[in-house]
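Worksheet: the structure to be examined is printed underneath.
Every number in this text was worked out from the coordinates using simple rules, so none of it is lab data. Worth saying up front: this structure is predicted, and the values here are computed from it rather than measured. Please note: Cβ atoms are built from the backbone with ideal geometry, for glycine as well, and neighbour counts cover all protein chains shown.
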Amino acid sequence: MTAKILLVDDDPTILQLLKLFLENEGYQVLAAQSGPAGLEIASAHLPDLAIVDIMMPIMDGFETCQRLREIGMKAILAMSHRHDERSVVKALDSGADDYLRKPFEVPVLAARIRTLLRRDNLDLPEPAGVYNDGHLLIDLDRRHVRVRGKSVQLTPTEFRLLSTLLRNLGRVVSHEELLREVWGMEDNASLVSLKVYVHYLRQKIEDHPRRPQYLLAEWGVGYRFREPTPVLRGVN
């Protein structure tokens, strides 16, 4: 069963970005913009982990962590732009299991979540077969691609290329690896072929193919499918 995560933050922009990131990671996500709302959701849905912002009006994160712990929350990750030792200690004393300072790097957040879930022997999500950022939808299992809600038809080679890049989300995949994964042992496959098919894909999924947002070239090395989450860096 997929782990269920509760987000509690009074900033709707941060809340939406975190929700998108966690859903892309394969988690089930619940969201609340205040401590009281978070407690209500926690009581009704019994999430496996809560991520709580410390600086909130009405009920701050310290009290929210304490109340969540009282109702039986399994794991709590506090986060804040406060970097002073006193705030960290107070959050931990209030019931948080860990404290993440803003701004934070996305891989650090992901690692903290995995650590807390592993500690409680909770199921971690399988690698997601679906990418959806609200603009581009890719369902690898169903071989389905939509841009702005409209279906996009890909050739088998285009789909293999897109699938290989997406399964390595955020990582640069070398020219050689792409040629091997997409074309196998075909003698006619070359770097020229790869560039042509990247061009075809960009024409189909990018709003501005000459200024791609998804399929990025790392000159002389390979290509990568851009992660949707770097915007979280610098969150405060």
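Modelled label positions at ARG180 and THR115, each set 7 Å beyond Cα in the direction of Cβ, lie 3.3 nm from each other. By the Stokes-Einstein formula, at 1.567 mPa s and 4 °C, the chain with its Kirkwood radius over alpha-carbon pairs has D equal to 66 µm²/s. By the Kirkwood approach, averaging reciprocal distances over each pair of separate Cα atoms, region 139-204 gets a hydrodynamic radius of 12.5 Å. Computed over the chain, relative contact order equals 17 percent, with contacts defined as Cα pairs under 8 Å that lie 6+ residues apart. Ranked by how many other Cβ atoms sit within 10 Å of their own Cβ, fewest first, the residues MET73, MET79 fall in the order MET73, MET79. A full extension of the chain between THR157 and SER193 corresponds to an added length of 11.9 nm, given 0.36 nm per residue minus the alpha carbon distance. Running Debye on region 18-125 with equal point scatterers at the Cα sites and no solvent, what base-10 log of I(q)/I(0) appears at q = 0.23, 0.24 Å⁻¹? So the normalised log intensities are -1.48, -1.59.
Shown here are the Rg and Dmax of the Cα trace of region 70-208, at 21.3, 65 Å. Near GLN153: Cβ cut-off under 13 Å, other residues only, Lys/Arg at +1 and Asp/Glu at -1. The net charge is +3. The calculated FRET efficiency for the pair LYS4 and ARG142, based on their C-beta separation and a Förster distance of 25 Å, comes to about 0.55.
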